[in-house]
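Before any comments, here is the structure.
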Amino acid sequence: MASLLQETLFEIQCQAPAPNKDFHHLVITKNEVTLRSWKISVRAEHRKVLPKELKKTHNEFLQETMMHRPLEKIFGKDTMKYILNLCRGQFDFIVRIPDSLKIHILSFLDAQDIKQLSETCKAFQKLCSTEEFWEKMKPRTEIRVNDVKRKSSSVSVKTRTQGPVWMRRRRNTLF
């Protein structure tokens with residue numbers, strides 16, 4: 001699983017909450033946490049201030065809790081929690097799997113499970129809405145229809161091939 005880890009584990013950038021206009025860029029790599037900050041101001045005394053860069057190892061970052069509060073204020077509680085987990089070595093490997101492998105795994109799910117999965121996060125919503133994913137799903141639904149034809153003639157094949165309403169509208173709307 002360690003081979004799935006890239007050098008950059010997480011990267012985020014945003015503007016500080018009001019009334020500040022400062023810009024912050026945070027990068028978490030395998031070995032260190034890097035925070036870059038740019039002071040944005042119309043005041044003349046702030047024009048000569050250079051961007052700041054603060055680098056810490058994971059252990060130093062976990063021990064220095066004074067840095068956590070401002071980062072939580074800038075990036076939010078959930079992001080800070082995620083950053084701390086990364087520094088502790090608790091990685092989320094599911095998001096690091098290549099899309100082609102995720103699509104192969106998801107192709108074994110039922111339509112209702114795909115719908116629920118697409119509602120869990122933006123990454124899965126985007127993945128479940130791609131043409132590549134639905135092209136992979138298409139042969140699977142055709143196999144099921146053929147099985148239904150052989151097993152029972154009382155089952156309506158038309159409803160099985162069309163699938164749920166939300167699948168028929170997938171080209172027009174997102175989940």
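The values are calculated or read from the model by the stated rules, or taken from the named source; none is laboratory data. Since the model is a prediction, treat every value here as computed from it, not as a measurement. So basically every Cβ, Gly included, is an ideal-geometry build from the backbone, and we count neighbours across all protein chains shown. For accessibility, only protein heavy atoms count, side chains too; no ligands or nucleic acids. Shrake-Rupley method; radii C 1.70, N 1.55, O 1.52, S 1.80 Å.
The set of residues in region 1-33 that are of a type in the set (A, V, I, L, M), free of Cβ contacts under 8 Å to residues at least 24 places away in the same chain and either open to solvent by 60 Å² or more (accessible area, probe 1.4 Å) or not in a strand (DSSP E or B) (or both) comprises Ala2, Ala18. The set of residues from region 34-58 being at pLDDT 85 or above, outside any loop (DSSP other than H, G, I, E, B) and of a type in the set (D, E, K, R) comprises Arg36, Lys52, Glu53, Lys55, Lys56. Evaluation of Ala44 against the conditions (1) under 26 Å from the mean Cα position of the chain (by Cα); (2) surrounded by fewer than 10 Cβ atoms within 10 Å (Cβ to Cβ); (3) of a type outside the set (Asp, Glu) shows that the sole unmet condition is (1).
Would region 6-13 turn up any residue that is within 30 Å of Met137 (Cβ to Cβ) and not small (Gly, Ala, Ser)? Taking every residue of region 6-13 in turn, at least one turns out to be within 30 Å of Met137 (Cβ to Cβ) and not small (Gly, Ala, Ser).
Each row is one residue, and each column tells you yes or no for (1) within 26 Å of the chain's Cα centre (by Cα); (2) closer than 29 Å to Arg96 by Cβ.
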| residue | (1), (2) |
| --- | --- |
| Gln13 | yes, yes |
| Phe23 | yes, yes |
| Val33 | yes, yes |
| Trp38 | no, no |
| Val49 | no, no |
| His58 | yes, yes |
| Glu64 | no, yes |
| Pro70 | yes, yes |
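Here is a check on your reading of the model: is Gln13 in contact with a His (Cβ under 6 Å, 6 or more places away or on another chain) and closer than 30 Å to Glu132 by Cβ? Here the answer is yes, as Gln13 does meet what is asked.
Apart from one condition, Gln63 fits all of (1) open to solvent by 30 Å² or more (accessible area, probe 1.4 Å); (2) within 25 Å of Ala123 (Cα to Cα); the exception is (2). Residues in region 34-51 that are in contact (Cβ under 8 Å) with a residue 12 or more places away in the chain and either in contact with a helix residue (DSSP H, G or I) (Cβ under 6 Å, 6 or more places away or on another chain) or over 26 Å from Thr8 (Cα atoms) (or both): Lys39, Ile40, Ser41. Residues that are open to solvent by less than 60 Å² (accessible area, probe 1.4 Å) and free of Cβ contacts under 8 Å to residues at least 12 places away in the same chain were ranked within region 90-110; the one that is nearest to the chain's Cα centre (by Cα) is Asp92.
State whether one or more residues within region 66-73 are part of a loop (DSSP other than H, G, I, E, B), open to solvent by 60 Å² or more (accessible area, probe 1.4 Å) and not basic (Lys, Arg).
Checked against the condition, which is being part of a loop (DSSP other than H, G, I, E, B), open to solvent by 60 Å² or more (accessible area, probe 1.4 Å) and not basic (Lys, Arg), region 66-73 yields no hits at all.
Under the condition of being exposed (fewer than 15 other Cβ atoms within 10 Å of the Cβ) and in a helix (DSSP H, G or I), the residues counted in region 111-134 number 10. Residues in region 116-132 that are over 13 Å from Ile105 (Cα atoms) and in contact with a Leu (Cβ under 6 Å, 6 or more places away or on another chain): Ser129 only. In summary, Thr79 fulfils each of the numbered conditions (1) over 30 Å from Ser129 (Cβ atoms); (2) β-branched (Val, Ile, Thr); (3) at pLDDT 85 or above with the single exception of condition (1).
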